[in-house]
Amino acid sequence: MERFGFVGLPNAGKSSLYNALSGGSALAAPYAFATTDPNIGVAKVPDDRLDRLAAMSNSRSVIPASVQFTDIGGLVEGASKGEGLGNRFLAGIREVDAIVYVLRAFDDPDVPGSPDPLEHLRVLEIELSLADLDSVDNQLGKRRKAARHDKAIADEVAALEAAHEVLAAGTPIYRSDLAAAQREPLGSYFLLTDKPVLAVVNVGEGDLDRIDEKIAPVVAELGDHGEVIGACVQLEAEAAQLDPDERAEMLEALGLGEGGLPRFIRAAYHLLGLRTFFTTGEKETRAWTFRAGWKAPQCAGVIHSDFERGFIRAEVIHWDELLEIGSWSKARELGKLRVEGKDYEVADGDVLEIRFNV
């Protein structure tokens, strides 16, 4: 399961976003440091294709893909030097796959703090860079000493030295000009600014018709370094507490369509190069997550390691073609199921049936 870590200043809306995604009840209060312990939740990935396949198969169980996310205590400027709660909570998101910046862009006289999302982004990038610098400092001397006896880690030391130079200037690694080959040895250190970035710009209810305008400065600032989504997180959290029909009615009445959360999750998927394939039948229809470019045996391994180890072939049809035909058995009768081998690169939306022998 892919993991995302929420980072934001106090009162930016992190806990509300957590509640909106998980349907949970993390404390979201208009004062600093309401979150003192990390909250860990799971969100289902909305996918209309899954629901339609399940209806076709009359499946007894429908299992969507999921992502995990962690909400930590708010950071403040100077957290790396002990201000506020300090940055000790950052350890809770060291091993996530991507960082989600929650940036406040709403005015509320009852909520302290700046409503400028660019100021929030500036502070967060500096604090995460300084936290990473501390991690690199702690390792660099040890690895230099070890490199005297093991020349194989020379590239690792060089990567740490290059990262140290970037971070000491207060620059996140993802904004640096370090080449992929230089960044690769840093993977085992779980540096926070060496991860993909997604920003959620949290606007007020009165700015729903100005979301594009509100997020434009953040889009320009992050450029190619991260993706940006705009949403009124409080409304999304309230809508998440309703049953699906009422939620859809509320969002439609506000002119929000499906809402910001599906867009957020899809953007998160895209950020990590994730794709979805399906299995379907009367017992279960299920969405499985894989990475773009994976071959059929790797995708089979997502279901079970034995499927990858003993992979023989996969029967494949794209989801929309299967729906048009009406059933898996009829697709087989019509000869519409393709038989693919070990070199087949699975496409997003493929429906698979794996043949294996262990």
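The values are calculated or read from the model by the stated rules, or taken from the named source; none is laboratory data. Computed from a predicted model, the values in this text were never measured in an experiment. Note that each Cβ is placed from the backbone with ideal geometry, even for glycine, and that neighbours are counted across all protein chains shown.
Would you confirm whether or not region 221-234 contains a residue that is of a type in the set (A, V, I, L, M, F, W, C) and out of contact with any strand residue (DSSP E or B) (no Cβ under 8 Å at 6 or more places or on another chain)? No: zero hits.
Of everything in region 280-315 that is surrounded by fewer than 20 Cβ atoms within 10 Å (Cβ to Cβ) and of a type in the set (Val, Ile, Thr), the residue that is farthest from the chain's Cα centre (by Cα) is Ile312. Residues of region 209-224 being surrounded by fewer than 19 Cβ atoms within 10 Å (Cβ to Cβ) and over 21 Å from Tyr18 (Cβ atoms), which ones? Across region 209-224, the qualifying residues are Asp209, Arg210, Asp212, Glu213, Ala216, Pro217, Val219, Ala220, Glu221, Gly223, Asp224.
Of the strands (runs of 3 or more DSSP E) entirely within region 219-324, those holding at least 1 residues that are of a type in the set (D, E, K, R) and farther than 19 Å from Ile354 by Cβ occupy 227-231. Yes or no: Asp348 within 30 Å of Gly230 (Cβ to Cβ), in a loop (DSSP other than H, G, I, E, B) and in contact with a strand residue (DSSP E or B) (Cβ under 8 Å, 6 or more places away or on another chain)? Yes.
Among all residues of region 114-122, there is none that is closer than 24 Å to Gln182 by Cα and charged (D, E, K, R). Does Ile153 qualify as being surrounded by 14 or more Cβ atoms within 10 Å (Cβ to Cβ), in the same structural domain as Leu90 (by TED's automatic domain parsing), touching a residue at least 60 places away in the same chain (Cβ under 8 Å) and part of a helix (DSSP H, G or I)? Criteria not met by Ile153. Within region 70-113, if we keep just the residues that are of a type in the set (Val, Ile, Thr) and assigned to a strand (DSSP E or B), the residue that is modelled with the lowest pLDDT turns out to be Thr70.
If you go through region 314-335 and keep only what is farther than 15 Å from Phe277 by Cβ and touching a strand residue (DSSP E or B) at 6+ places or on another chain (Cβ under 6 Å), you end up with just Ala331. In region 239-266, what count of residues is obtained for those that are charged (D, E, K, R) and within 22 Å of the chain's Cα centre (by Cα)? Looking only at that region, the number is 3.
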